[in-house]
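Okay, structure first, notes after.
The values are calculated or read from the model by the stated rules, or taken from the named source; none is laboratory data. These figures come from a predicted structure and were not determined experimentally. Note that we place each Cβ from the backbone using ideal geometry, even for glycine, and neighbour counts take in every protein chain shown.
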């Protein structure tokens, strides 16, 4: 089995995990844990796509680290905004 095939299967598994964590058709919020799980899966999926499908493994280690740090900061920022939104809306009332 080639690296791309294994990566594709992993991406399908992570998409399924995100779908289950997101509770399709469920009512209400999925909570901080669910949001964190979905964002972690999305971050790992983006890393796999950059590395294996877009050829980042051939780039220097500095470029790989830069993209991984940027992906992580984006995920942490989205999570922080989601987590702090109730506190911000309550303070503005």
- For the range 9-57, how many residues meet the condition of being surrounded by fewer than 15 Cβ atoms within 10 Å (Cβ to Cβ) and at pLDDT 90 or above? 7
- Task: State all residues of the range 30-41 that are farther than 10 Å from residue 72 by Cα and in a helix (DSSP H, G or I); if no residue qualifies, say none.
- Result: 31, 32, 33, 34, 35, 36, 37, 38, 41
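Let me confirm something: among 57, 48, which residue is assigned to a helix (DSSP H, G or I), in contact with a helix residue (DSSP H, G or I) (Cβ under 7 Å, 6 or more places away or on another chain) and farther than 27 Å from residue 19 by Cβ? So that I can check it myself, show each step before the final result.
Numbers: 48 fails: farther than 27 Å from residue 19 by Cβ.
Being assigned to a helix (DSSP H, G or I), in contact with a helix residue (DSSP H, G or I) (Cβ under 7 Å, 6 or more places away or on another chain) and farther than 27 Å from residue 19 by Cβ holds for just one of 57, 48, which is 57.
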- Within the range 73-93, work out how many residues are within 15 Å of residue 31 (Cβ to Cβ) and either exposed (fewer than 10 other Cβ atoms within 10 Å of the Cβ) or at pLDDT below 90 (or both). 2
